[in-house]
Amino acid sequence: MFSGKSKLLVLFLSFLFAYGNPALSQSLNREEDNTRSLEMGIQILERYFGQDKTWHISHPETGEKVKGLIHFIEKEPLDSILSSLDESLRDSSHTFVFRLPEDVPDSLSVPGYLPEGEVQKRLQTVDAHLKNKFFSEEITVPVDLIMGIEEKAGAIPPGEGARLMEQGVFQLPDSLQLPDVIPDSLMQSPTDFRRFLKLDSLKQSLIEQQRMAYNDSVVNVYRDSIVQDYRNRRYQEEFAWQKQRLVDSVNFNNYQVLRIYNDAVMAAVNDSIAMVVGELAEYADFVDTTRVSMTNLLGEESSILLRNSSPYFSRVWLKNEQNDSLRLMVKSVDKRTMQLLIDDGVTFSRFKPRETKGFDFSTLNRGVSGLTGVKEKYQVLTPWRIGGDGSVGFTQTYLENWKKGGQSALSLQIILKGYANYARHDGKVKWENSGEIRNGYIRPGGEGAETQKNDDKFEITSRFGVSAFKKWYYSTEFNFETQFFNGYKYPTSANPDPISAFMAPARTFFKLGLDYKPNNNFSLLLSPLTAKNVFVKDTVKIDQTKYGIDEGKRSYWEPGLNTDIFWRKNITPEITYETKYKMFINYLHPFGNLDFNWENQLVMQLTDHINMRMLVHFIYDEKVLFPAEDANGNPLAPKPKLQIREFITVGFTYKLSKQVTRTRRKH
């Protein structure tokens, strides 16, 4: 169609137009950047979703969607993929790919990973230590290895020492060598006879000495070989055990190091994939279009193209059975949204209503003689009541040159209480939950004074009840109580070891019984089935025997009968008295084994946010023992005592209470 010169001219003019027009040049650059970005994103996805075999797809269905997205970008659009991928991107726990820790390619560069060379160095250290232990130090050999050692070593029995001469082990000196038969010429007198007897005795004595020396030598050699073999065997066994232990430890350490490192890499890779998938999905959603066709009552059709890039307009006539017409303008907002607008030039061919299909429009003009009844369809319920109160009490006394005497002092007490109570609308089910935190400190004045703890409590109670009859409920309760901080017998300079700590002790009660609750100010819980548990977490730091726990144990439990009484009385609108009494009787030792915990509290509300609290607290526990002395000061066996605590505090208080409401349709 064009000659060669014509083609060159067209290319030259196109070049001048593109680079001579700055706006067009920027547009081309942006398109090139977008193209390179898309190509790079596709390469990343293709690597982790197919090319690199060390990465595995976490969810095959999502992997297929990502592959479909790549296919969509490269070849054809698939609108359903975008919706599925959008759900995956919104799920923060969703992962696209995963990799096993053993597939980490650069494990030697991971901090904390122990290479083979380091393992060999540690094995050499272990080997040197074991050789010193088994070959340089004394070692005890089992008795069974050296039993019958003389027989095993080949020792010569008594009386058979002549075998040493036969075996050539030693030779008699010439002076002791006697003929087997002494000729008569050498035996001329009794003196010759005695001389031969003495020589024979010396010969036998020398042979016995040589036999014993020989036996000692072979036994020592055999014993040394047994000891050496035992050293070698113990060394090999211990080295094999230490080696296996070290290898297992290193393998576990390396696996944990690689797992943590691999998890971090996987998180970063999945974040990158999510970002790329989001960008590609956004681009795919931008370039994809949807055509929507609209048909009115007369079958007249109009279509509109929905897309994100630019708005598109179309018009359609609405018709009814009376052939009334209304023209609407349809505007594409984005790929999935269109906007309907009444056209400016609206024309009605008819205004007057016309009855059709036997409908009488005059019935719409009938007057209303009265109002119909209005019924309540919904009921508002408040099953949950959540609230609590907190108070901070502070006392400070400062004395200087005070003639009447005394000491400066500083004290602080913090009390936090909270509750979350549930009651079903019919009153058949109740669930009461409460918690209390108390902390108090006092700092007396004077030289050498120290901050002392005078109150520390953390308690959680949960009671669930189902209506039994009248005001009685079948109930079960869980109660847990401990303290937060270490407690001491002051001064700590003389008693540095704590006597209590967090979870030392911790008391737990699980109760099952009947709860009498006529109102919110009184409750009586009788629990014939109660399990009491006392636990001391750290028996090294805390002496558990002071809390009734046997030596060498960390806890004890006992079944028993429990009684809980709660009563609150509003003496005046500003003064409230409240008492809590808990009693436990051990079924295993019911007589002379009574535990009780009794709190009495009087609260006087001075202003909206200032009150005064008076607390008297009694505790008696047969398992908690105290040192005892007789009248002369001699120590006696520890015994339980009545514990008494009293507080009077004025401080700041704040209360909150909230009702959680919901609606229920009335039947």
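Return a yes/no flag: does the stretch 486-506 have any residue that is touching a Gly at 6+ places or on another chain (Cβ under 9 Å) and outside any loop (DSSP other than H, G, I, E, B).
yes
Go through the stretch 540-558 and count every residue that is of a type outside the set (Lys, Arg) and surrounded by 14 or more Cβ atoms within 10 Å (Cβ to Cβ). Step through it out loud before you land on a result.
Step one: of the stretch 540-558, the residues of a type outside the set (Lys, Arg) are 540, 542-545, 547-552, 555-558.
Keeping just the survivors that are surrounded by 14 or more Cβ atoms within 10 Å (Cβ to Cβ) gives 542-545, 547-549, 555-556, 558.
Number satisfying all stated conditions: 10.
Checking the conditions here, which among Arg438, Arg443 is surrounded by fewer than 16 Cβ atoms within 10 Å (Cβ to Cβ) and not aromatic (Phe, Trp, Tyr)?
On the way: Arg438 fails: surrounded by fewer than 16 Cβ atoms within 10 Å (Cβ to Cβ).
Selected residue: Arg443, the only one of Arg438, Arg443 that is surrounded by fewer than 16 Cβ atoms within 10 Å (Cβ to Cβ) and not aromatic (Phe, Trp, Tyr).
Suppose we filter Val141, Val97 for residues that are of a type in the set (Val, Ile, Thr) and closer than 22 Å to Asp263 by Cβ; which single one remains?
On the way: Val141 fails: closer than 22 Å to Asp263 by Cβ.
Answer to the selection: Val97.
Is it the case that the stretch 494-514 has a residue that's over 29 Å from Asn454 (Cα atoms), among the charged types (D, E, K, R) and without any contact (Cβ under 8 Å) to a residue 60 or more places away in the chain? Don't jump to the end; show me each part of the working.
So in the stretch 494-514, the residues over 29 Å from Asn454 (Cα atoms) come out as 511-514.
Filter once more, so that each one left must be among the charged types (D, E, K, R): 511.
Pick out the ones that are also without any contact (Cβ under 8 Å) to a residue 60 or more places away in the chain and you get 511.
Yes, there is a match, as at least one residue in the stretch 494-514 is over 29 Å from Asn454 (Cα atoms), among the charged types (D, E, K, R) and without any contact (Cβ under 8 Å) to a residue 60 or more places away in the chain.
Within the group Phe469, Phe480, which residue is surrounded by 15 or more Cβ atoms within 10 Å (Cβ to Cβ) and closer than 24 Å to Lys511 by Cβ?
Phe480
Before we move on, is Ser25 at pLDDT below 55, loosely packed, with under 14 Cβ neighbours inside 10 Å and not assigned by TED's automatic domain parsing to the domain that holds Ala267?
On the way: at pLDDT below 55: yes; loosely packed, with under 14 Cβ neighbours inside 10 Å: yes; not assigned by TED's automatic domain parsing to the domain that holds Ala267: no.
Here the answer is no, as Ser25 does not meet what is asked.
For Tyr419, state whether it is in a strand (DSSP E or B) and within 28 Å of the chain's Cα centre (by Cα).
On the way: in a strand (DSSP E or B): yes; within 28 Å of the chain's Cα centre (by Cα): yes.
It is true that Tyr419 is in a strand (DSSP E or B) and within 28 Å of the chain's Cα centre (by Cα).
Six or more apart or on different chains, Cβ under 9 Å: which pairs go from a residue in the stretch 281-298 that's closer than 16 Å to Thr337 by Cβ to one that's polar (S, T, N, Q) and assigned to a loop (DSSP other than H, G, I, E, B)? Could you list them?
If the second residue must be polar (S, T, N, Q) and assigned to a loop (DSSP other than H, G, I, E, B), the pairs left are Asp285/Asn308; Phe286/Asn308; Phe286/Ser309; Asp288/Asn308; Thr289/Asn308; Thr289/Ser309.
Can you list residue pairs whose Cβ atoms sit under 6 Å apart, with the first residue in the stretch 429-448 being assigned by TED's automatic domain parsing to the domain that holds Tyr473 and closer than 23 Å to Gln396 by Cα and the second being modelled with pLDDT under 85 and not in a strand (DSSP E or B)? Count only pairs 6 or more apart in sequence or on different chains.
Pro444/Gln407; Gly445/Gln407; Gly445/Ser408; Gly446/Gln407
It is to be established whether one or more residues within the stretch 594-608 are within 14 Å of Ser391 (Cα to Cα), assigned by TED's automatic domain parsing to the domain that holds Asp564, in contact (Cβ under 8 Å) with a residue 40 or more places away in the chain and touching a Ser or Thr at 6+ places or on another chain (Cβ under 7 Å).
Taking every residue of the stretch 594-608 in turn, none turns out to be within 14 Å of Ser391 (Cα to Cα), assigned by TED's automatic domain parsing to the domain that holds Asp564, in contact (Cβ under 8 Å) with a residue 40 or more places away in the chain and touching a Ser or Thr at 6+ places or on another chain (Cβ under 7 Å).
Answer yes or no: is there a residue in the stretch 232-247 that is surrounded by 15 or more Cβ atoms within 10 Å (Cβ to Cβ), within 27 Å of Val126 (Cβ to Cβ) and within 29 Å of the chain's Cα centre (by Cα). Full working, then the answer.
Going residue by residue through the stretch 232-247, those that are surrounded by 15 or more Cβ atoms within 10 Å (Cβ to Cβ) are 234-235, 238-239, 242-243, 246.
Next, only the ones that are within 27 Å of Val126 (Cβ to Cβ) stay: 234-235, 238-239, 242-243, 246.
Okay, now just the ones that are also within 29 Å of the chain's Cα centre (by Cα), so 246.
Yes: the stretch 232-247 contains one or more residues that are surrounded by 15 or more Cβ atoms within 10 Å (Cβ to Cβ), within 27 Å of Val126 (Cβ to Cβ) and within 29 Å of the chain's Cα centre (by Cα).
Being free of Cβ contacts under 8 Å to residues at least 60 places away in the same chain, under 29 Å from Leu100 (Cα atoms) and of a type in the set (A, V, I, L, M) narrows it down to one of Ala264, Ala274, so name that one.
On the way: Ala274 fails: free of Cβ contacts under 8 Å to residues at least 60 places away in the same chain.
After applying the criteria, what remains is Ala264.
Filtering the stretch 275-322 down to residues that are touching a helix residue (DSSP H, G or I) at 6+ places or on another chain (Cβ under 7 Å) and crowded, with 18+ Cβ neighbours inside 10 Å, which residue is farthest from Ser332 (Cα to Cα)?
This residue is Val276.
Residues of the stretch 137-150 being under 21 Å from Arg211 (Cα atoms) and either at pLDDT below 70 or exposed (fewer than 10 other Cβ atoms within 10 Å of the Cβ) (or both), which ones? Please lay out each step first, then the result.
Quick first cut of the stretch 137-150, residues under 21 Å from Arg211 (Cα atoms) only: 146-150.
Within the stretch 137-150, Met147, Gly148 meet the criteria.
Looking only at the stretch 539-577, count how many residues are part of a loop (DSSP other than H, G, I, E, B) and touching a strand residue (DSSP E or B) at 6+ places or on another chain (Cβ under 9 Å). Give the derivation first.
Within the stretch 539-577, the first condition is being part of a loop (DSSP other than H, G, I, E, B), and the residues that meet it are 539-543, 548-554, 573-574.
Those still in the list that are touching a strand residue (DSSP E or B) at 6+ places or on another chain (Cβ under 9 Å) too: 539, 541-542, 548-550, 554, 573-574.
The qualifying residues number 9.
State whether the residues of the stretch 163-177 include one that is exposed (fewer than 11 other Cβ atoms within 10 Å of the Cβ) and either modelled with pLDDT of 80 or more or under 38 Å from the mean Cα position of the chain (by Cα) (or both).
Among the residues of the stretch 163-177, not one is exposed (fewer than 11 other Cβ atoms within 10 Å of the Cβ) and either modelled with pLDDT of 80 or more or under 38 Å from the mean Cα position of the chain (by Cα) (or both), which makes the answer no.
The values are calculated or read from the model by the stated rules, or taken from the named source; none is laboratory data. Everything numeric in this text was worked out from a predicted model, so none of it was measured. Quick reminder, even Gly has a Cβ in these numbers, built from the backbone with ideal geometry, and neighbours come from all protein chains shown.
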